[in-house]
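Participant: I'd like to ask some things about the structure below.
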Amino acid sequence: MTRAVLAGFAVDLGGTKLTAARIEAGHVVETRTEATSRSGDLSHQLDRIARLLQDLGHGPGARLGVAVTGLVSRDGLWSAVNAATLPAIVDAPLRAALVDRFGAATCCNDALAATLAEAWFGAGQGCRDFAYLTVSTGIGGGLVLNGHPVQGGRGLAGHFGFATSRHAPTPCGSGRWGTVEANASGMSIARMARELGHDGLSARDVFAQAAAGAAWADRIIDLSAQAVASLIADIAAMVDPERIAIGGSIGLAPGFLDRVERHLGKEPEVFRRPVRAATLGHDGPLLGALAFPG
Ligand code: BMX
């Protein structure tokens, strides 16, 4: 896939932000962003997407790629795996609704979209076996094995955040217990701060507290980095990627990658892998959504 041919519109509906973008010659040239409406059903989500796309000059039938948090099955059905993120999205006919509403569209999971973009245009270039992790509202991921994206039968492949962590047996919105997402995601960092009596803080606020010297905040962030490092060793044991890239608002936060690498260095050498920061940042899911072959 050549980046320069990418042209059209893309949407990234994540757990915290909804972004629509106009893409020309493989670059994001204009965006509109607003907070994600977590409680909205499919129709409500499409209305918000339509408004942002209209503002960007999207017209019926224009090329459109949509990346969403949650799993997207091969037949285009969209479900939240973590019901706490999008409680109204279960087996929603996303692809059919997008095509009906906008004339043409492809759709896939947001972390898979970012994986494709990083594999083809970013930190994963040159790798035949590559894994991507987003540490953001949730913890998602994606795989490219032998040069091909892995979507899985139900669209669950790469949902690394739902692997179990050896840390606290905390309940997860997926219905599992003690998942990496329940111990290390942006939502979990904010929850752990609340449990320590620091109400109303976002994960970004916790990072700021840690930078200002608050030991309690540093411990929460280090637990997250430790859980992510342990997950990377698990991924190495399962699919043995040449390289892993980390993205997302937490994954790209100052110092987080250094913490992950420090904890990864405590794993036996055979389970360590080169870790890189996602080079496309927040454009990754947008470029990957438009490049996704559908
Ligand atoms: C969750 C899951 C993944 C998603 C990941 C990161 C839901 C709603 N989402 O693990 O599908 O890729 O979060 O998503 O179950 P984000 O919300 O952080 O962008």
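Participant: How many residues are at pLDDT 95 or above, of a type in the set (G, A, S), surrounded by fewer than 23 Cβ atoms within 10 Å (Cβ to Cβ) and assigned to a loop (DSSP other than H, G, I, E, B) when one looks only at the stretch 254-294?
Facilitator: Summing the residues that are at pLDDT 95 or above, of a type in the set (G, A, S), surrounded by fewer than 23 Cβ atoms within 10 Å (Cβ to Cβ) and assigned to a loop (DSSP other than H, G, I, E, B) in the stretch 254-294 gives 2.
Participant: Could you list all residues from the stretch 112-122 that are closer than 11 Å to A278 by Cα and buried (at least 24 other Cβ atoms within 10 Å of the Cβ)? Please lay out each step first, then the result.
Facilitator: First pass over the stretch 112-122, keeping only residues closer than 11 Å to A278 by Cα: 114-115, 117-119, 121-122.
Answer for the stretch 112-122, where residues must be closer than 11 Å to A278 by Cα and buried (at least 24 other Cβ atoms within 10 Å of the Cβ): A114, T115, A117, E118, A119, G122.
Participant: Quickly run through the stretch 222-244 and pick out the residues that are part of a helix (DSSP H, G or I), surrounded by fewer than 16 Cβ atoms within 10 Å (Cβ to Cβ) and in contact with a strand residue (DSSP E or B) (Cβ under 9 Å, 6 or more places away or on another chain).
Facilitator: Correct list: V239 only.
Participant: Say whether the condition of being acidic (D, E) and within 24 Å of T16 (Cα to Cα) is met by at least one residue in the stretch 231-250. Steps first, answer last, please.
Facilitator: So in the stretch 231-250, the residues acidic (D, E) come out as 234, 240, 242.
Adding the requirement that they be within 24 Å of T16 (Cα to Cα) leaves none.
Within the stretch 231-250, none of the residues are acidic (D, E) and within 24 Å of T16 (Cα to Cα).
Participant: Can we say D100 is away from the ligand (no atom under 16 Å from the Cβ), out of contact with any Lys or Arg (no Cβ under 6 Å at 6 or more places or on another chain) and either free of Cβ contacts under 8 Å to residues at least 24 places away in the same chain or among the acidic types (D, E) (or both)?
Facilitator: Working: away from the ligand (no atom under 16 Å from the Cβ): yes; out of contact with any Lys or Arg (no Cβ under 6 Å at 6 or more places or on another chain): yes; either free of Cβ contacts under 8 Å to residues at least 24 places away in the same chain or among the acidic types (D, E) (or both): yes.
It is true that D100 is away from the ligand (no atom under 16 Å from the Cβ), out of contact with any Lys or Arg (no Cβ under 6 Å at 6 or more places or on another chain) and either free of Cβ contacts under 8 Å to residues at least 24 places away in the same chain or among the acidic types (D, E) (or both).
Participant: A further question on this structure: Can you find a residue in the stretch 259-278 that is within 16 Å of the ligand (Cβ to nearest atom) and in contact with a strand residue (DSSP E or B) (Cβ under 9 Å, 6 or more places away or on another chain)? Give the steps one after another, and end with the answer.
Facilitator: Of the residues in the stretch 259-278, the ones within 16 Å of the ligand (Cβ to nearest atom) are 278.
Applying the additional criterion that residues be in contact with a strand residue (DSSP E or B) (Cβ under 9 Å, 6 or more places away or on another chain) yields 278.
Yes; the residues of the stretch 259-278 include at least one that is within 16 Å of the ligand (Cβ to nearest atom) and in contact with a strand residue (DSSP E or B) (Cβ under 9 Å, 6 or more places away or on another chain).
Participant: Let me ask another. Return the only residue of L156, L133, L143 being touching a residue at least 40 places away in the same chain (Cβ under 8 Å) and open to solvent by 40 Å² or more (accessible area, probe 1.4 Å). Break it down into steps so the answer makes sense when it comes.
Facilitator: Values: L133 fails: open to solvent by 40 Å² or more (accessible area, probe 1.4 Å); L143 fails: open to solvent by 40 Å² or more (accessible area, probe 1.4 Å).
It is L156.
Participant: Quick one: which of C127, C108 is in contact with a Pro (Cβ under 8 Å, 6 or more places away or on another chain), more than 9 Å from the ligand (Cβ to nearest atom) and within 18 Å of G288 (Cβ to Cβ)? Lay out the reasoning, then the answer.
Facilitator: Details: C108 fails: in contact with a Pro (Cβ under 8 Å, 6 or more places away or on another chain).
Of the residues listed, the single one that is in contact with a Pro (Cβ under 8 Å, 6 or more places away or on another chain), more than 9 Å from the ligand (Cβ to nearest atom) and within 18 Å of G288 (Cβ to Cβ) is C127.
Table: residues versus (1) assigned to a strand (DSSP E or B); (2) within 25 Å of T279 (Cα to Cα); (3) open to solvent by less than 40 Å² (accessible area, probe 1.4 Å); (4) not assigned by TED's automatic domain parsing to the domain that holds G147.
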| position | (1), (2), (3), (4) |
| --- | --- |
| A182 | no, no, yes, no |
| M187 | no, yes, no, no |
| I220 | no, no, yes, no |
| I246 | yes, yes, yes, no |
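Participant: Residues being small (G, A, S) and out of contact with any helix residue (DSSP H, G or I) (no Cβ under 7 Å at 6 or more places or on another chain): count how many of those fall in the stretch 252-291. First the steps, then the outcome.
Facilitator: Filtering the stretch 252-291 for residues small (G, A, S) gives 253, 255, 265, 277-278, 281, 284, 288-289, 291.
Those left that are additionally out of contact with any helix residue (DSSP H, G or I) (no Cβ under 7 Å at 6 or more places or on another chain): 255, 265, 281.
Here the count works out to 3.
Participant: Can you tell me which residue is farthest from the ligand (Cβ to nearest atom) among those in the stretch 159-175 that are in a helix (DSSP H, G or I) and buried (at least 24 other Cβ atoms within 10 Å of the Cβ)? Don't jump to the end; show me each part of the working.
Facilitator: First, pick out the residues of the stretch 159-175 that are in a helix (DSSP H, G or I): 160-162.
Applying the additional criterion that residues be buried (at least 24 other Cβ atoms within 10 Å of the Cβ) yields 160-161.
Working: F160: 8, G161: 4 Å.
Among those residues, the one meeting the criterion is F160.
Participant: For the subset of the stretch 16-33 comprising residues that are of a type outside the set (A, V, I, L, M) and within 15 Å of the ligand (Cβ to nearest atom), which member is most open to solvent (accessible area, probe 1.4 Å)?
Facilitator: Start the filter on the stretch 16-33 by keeping residues that are of a type outside the set (A, V, I, L, M), which leaves 16-17, 19, 22, 24, 26-27, 30-33.
With within 15 Å of the ligand (Cβ to nearest atom) added as a condition, the list becomes 16-17, 19, 33.
Numbers: T16: 76, K17: 96, T19: 17, T33: 78 Å².
Across the stretch 16-33, the extreme among qualifying residues is K17.
Participant: For the stretch 189-218, how many residues meet the condition of being among the charged types (D, E, K, R) and either over 24 Å from the mean Cα position of the chain (by Cα) or not in a helix (DSSP H, G or I) (or both)?
Facilitator: Of the residues in the stretch 189-218, 2 are among the charged types (D, E, K, R) and either over 24 Å from the mean Cα position of the chain (by Cα) or not in a helix (DSSP H, G or I) (or both).
Participant: From A92, A67, A114, which residue is closer than 27 Å to V144 by Cβ, in contact with a Cys (Cβ under 7 Å, 6 or more places away or on another chain), touching a residue at least 24 places away in the same chain (Cβ under 8 Å) and within 15 Å of the ligand (Cβ to nearest atom)?
Facilitator: Values: A92 fails: in contact with a Cys (Cβ under 7 Å, 6 or more places away or on another chain); A114 fails: in contact with a Cys (Cβ under 7 Å, 6 or more places away or on another chain).
Within the list A92, A67, A114, the selection yields A67.
Participant: Ok, one more. Looking at the stretch 93-111, which of its residues are within 18 Å of G138 (Cβ to Cβ) and open to solvent by 10 Å² or more (accessible area, probe 1.4 Å)?
Facilitator: N109, D110
The values are calculated or read from the model by the stated rules, or taken from the named source; none is laboratory data. Here the structure is a predicted model, which is why all the values come from computation and not from measurement. No Cβ is skipped: glycine too gets one built from the backbone with ideal geometry, and neighbour counts run over all protein chains shown. What goes into the accessible areas is simple: the full protein's heavy atoms, side chains included, and nothing from ligands, DNA or RNA. Shrake-Rupley method; radii C 1.70, N 1.55, O 1.52, S 1.80 Å.
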